[in-house]
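The values are calculated or read from the model by the stated rules, or taken from the named source; none is laboratory data. Here the structure is a predicted model, which means the values were calculated and not measured. Reconstructed Cβ throughout: ideal geometry from the backbone, glycine too, with neighbour counts over all protein chains shown. Please note that ligands, DNA and RNA were not included when accessible areas were found on the heavy atoms of the full protein model with its side chains. Shrake-Rupley method; radii C 1.70, N 1.55, O 1.52, S 1.80 Å.
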Amino acid sequence: MAHLMGCCHGEESGGHLMLPRFRPGLRCGGLFLFKGSETEGRADRDGASDTEGKQDVPEVPVPADDTPEVLNKALSGLSSRWKNWWVRGILTLAMISFFFFIIYLGPMVLMMIVLCVQIKCFHEIITIGYSVYHSYHLPWFRTLSWYFLLCVNYFFYGETVTDYFFTLVQREEPLRILSKYHRFISFALYLTGFCMFVLSLVKKHYRLQFYMFGWTHVTLLIIVTQSHLIIHNLFEGMIWFIVPISCVICNDIMAYMFGFFFGRTPLIKLSPKKTWEGFIGGFFATILFGILLSYVMAGYRYFVCPVEFNNDSNSFTVYCEPSELFQLQYYVLPSVLQSTTVRLYPFQIHSIALSSFASIMGPFGGFFASGFKRAFKIKDFANTIPGHGGIMDRFDCQYLMATFVNVYIASFIRGPNPSKVIQQLLALRLDQQLHIFNSLKAHLIEKGLLPAVEEAA
């Protein structure tokens with residue numbers, strides 16, 4: 001991406017220009033572009049100075065005011081600082097209300113919302129690259145970008161359906177065939193897009209085209225891969241989806257509130273408005289919020305049970321017998337606290353780790369996004385949400401959080417799943433099932449778990 005930034009602004013990197021240096025004069029998509037010949041670029045390479053390069057960097061464009069007219073009229077008497085505070089607050093409450101509504105609709109609707117958010121985030125990042133790429137009239141960039149998005153989603157959703165809904169896949173003949181050859185089909189689809197890219201290469205623009213090829217794939221890695229980890233977390237139980245996302249939202253709100261009222265000490269240069277006061281206040285508020293939210297949600301099977309397909313009802317269900325992780329247990333606090341005994345859900349202890357990550361490491365997703373926006377001289381990824389920017393501006397921390405939660409579940413929570421093992425066994429041939437039965441029977445007899453009568457029989 002740093003290379004691409006050099007392409008956009010005609011800067012030097014390591015003593016070499018990313019693209020030929022051209023005469024200024026063309027403006028496209030909010031970015032200044034330069035056109036000319038490769039000979040001119042090589043001639044300028046030796047004589048260009050750092051001051052010259054800085055002068056070519058365009059000023060940050062002032063975004064249009066996208067605040068709804070009704071809010072503008074209602075808040076017209078306030079200063080810009082307080083007006084922004086109220087706009088952000090009102091729309092934050094609206095988004096939280098919408099979040100509660102989709103939770104009520106169930107896990108499958110949540111999965112579709114995640115897909116929609118993923119597509120919008122992908123669109124926002126690809127649009128930034130296209131604003132540069134389009135000026136060269138090179139073919140197929142946006143077409144190939146969306147084609148690769150389709151291929152990657154087909155691969156990940158196919159893997160997810162096969163893994164979590166094995167019974168449904170084995171019951172339906174078309175799904176069973178698609179599942180059997182899923183990876184081959186996915187590879188064939190990707191290979192088609194790869195060949196299309198090679199055939200689209202245009203002389204004198206090879207380097208830019210490969211930059212954009214890398215741009216698309218990095219976007220797929222950051223957005224699509226991690227969004228599917230969110231879906232995996234959701235299928236483990238909605239509590240693994242709601243608590244982490246809520247902790248990030250809480251940290252974002254509380255860090256903003258503490259920073260707005262008490263902030264004095266800058267935290268990081270990438271985000272000048274972030275302060276240490278907001279960072280520390282957000283941390284403790286998020287820890288407390290995570291513990292309380294976990295206590296409330298852990299008592300409901302709707303939130304703690306994994307999503308499964310029920311053959312009898314022919315539908316997806318979230319009903320189960322809660323595991324020990326979601327059963328109240330007694331804990332004795334250290335002697336310094338007078339050996340007080342408290343009754344907690346084990347998940348509440350795990351929520352401290354989730355809240356800590358959301359407060360300490362989660363903001364680095366936002367810092368990364370801030371650095372990206374500064375590199376391309378943009379204020380927000382888009383103007384989708386007034387006062388907040390684009391969808392990507394709201395989800396920059398969520399993707400990093402989703403990856404952590406998925407790794408955390410795999411490392412400390414998830415164990416062998418007997419129901420999945422049985423589903424896979426039932427998909428085998430009868431002779432294979434009989435062989436596994438005899439092997440398992442002999443093993444249990446050897447361990448003394450089956451009586452001697454069973455061995456004699």
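Worth a mention:
- Ranked by how many other beta carbons lie within 10 Å on average, peptides 437-445, 401-409, 269-277 from highest: 401-409, 269-277, 437-445
- Accessible surface, the range 345-457, averaged per residue in Å² (probe 1.4 Å): 55 Å²
- Relative contact order for the range 216-366, counting Cα pairs under 8 Å that sit 6 or more residues apart, in percent: 24 percent
- Estimated vicinal HN-Hα couplings, Hz - the range 431-445 in sequence order (Karplus 6.51, -1.76, 1.60; Gly, Pro = x): 5, 5, 5, 5, 5, 5, 4, 5, 5, 5, 4, 4, 5, 5, 5
- Listed peptides 421-433, 147-159 by packing density, highest first (mean Cβ within 10 Å): 147-159, 421-433
- Heavy atoms of LYS180: accessible area, 1.4 Å probe, square angstrom to 10: 150 Å²
- Here the range 240-326 is treated as a Stokes sphere of Kirkwood radius computed over C-alpha pairs; at 37 °C and 0.692 mPa s its diffusion coefficient rounds to 215 µm²/s.
- In the frame of its principal axes, the range 391-457 has Cα extents of 68, 28, 11 Å, reported largest first.
- Averaging the sequence gap over all C-alpha pairs within less than 8 Å and six or more residues apart, then dividing by the number of residues, gives the range 130-235 a relative contact order of 41 percent.
- Positive dipole terminus of the range 225-331, leading residue within ILE245, GLN327, TYR302 (C-beta point charges): ILE245
- Extension reserve of the HIS205-VAL421 stretch, reckoned as 0.36 nm per residue once the Cα distance is removed: 72.5 nm
- Linear extension gain, ASN383 paired with GLN329, 0.36 nm per residue minus alpha-carbon span: 14.7 nm
- Note on ARG183 and LEU138: the model spin-label points, each 7 Å out from Cα along the C-beta direction, lie 3.3 nm apart.
- Annotation: for a label point projected 7 angstrom from Cα along Cα→Cβ of LEU449, residues of the range 411-441 with backbone N closer than 18 Å are 415-426, 434-441.
- Solvent-accessible surface ranking, highest first, for TRP146, TRP215, TRP140 at 1.4 angstrom: TRP140, TRP146, TRP215
- Accessible surface area normalised per residue over the range 123-259 is 45 Å², counting heavy atoms of protein chains with a 1.4 Å rolling probe.
- Gain upon complete extension [SER97, ALA353; 0.36 nm per residue less C-alpha separation]: 89.5 nm
- Residues HIS435 and GLU173, FRET efficiency given R0 of 22 Å [Cβ-Cβ distance, rounded to 0.05]: 0.25
- Simple spin-label estimate for TYR190 and ALA410 in nanometres, 7 Å along Cα-Cβ: 1.6 nm
- From phi via Karplus (6.51, -1.76, 1.60), per-residue ³J(HN,Hα) for the range 268-277 in Hz, x at Gly/Pro: 8, 5, 4, 10, x, 7, 6, 10, 5, 4
- Protein heavy-atom surface of the range 291-355, 1.4 angstrom probe: 58% of the accessible area is carbon and sulfur, with nucleic acids and ligands not counted.
- Relative contact order [Cα under 8 Å, 6+ residues apart], the range 348-435, whole percent: 23 percent
- Accessible-area value, SER370, 1.4 Å probe, nucleic acids and ligands omitted, Å²: 20 Å²
- Estimated inter-spin distance, ASP312 and TYR300, nm [label 7 Å along Cα→Cβ]: 2.4 nm
- Surrounding net charge for PHE381, when Lys and Arg each add one and Asp and Glu each subtract one, Cβ distance under 11 Å: 0
- Rolling a 1.4 Å probe over the protein heavy atoms of the range 106-241, with every protein chain left in place, gives an accessible area that is 74 percent carbon and sulfur.
- In this structure the amide hydrogen of PHE316, modeled in the peptide plane, comes within under 5 Å of the amide hydrogens of ASN310, none closer than 5 places in sequence on its chain.
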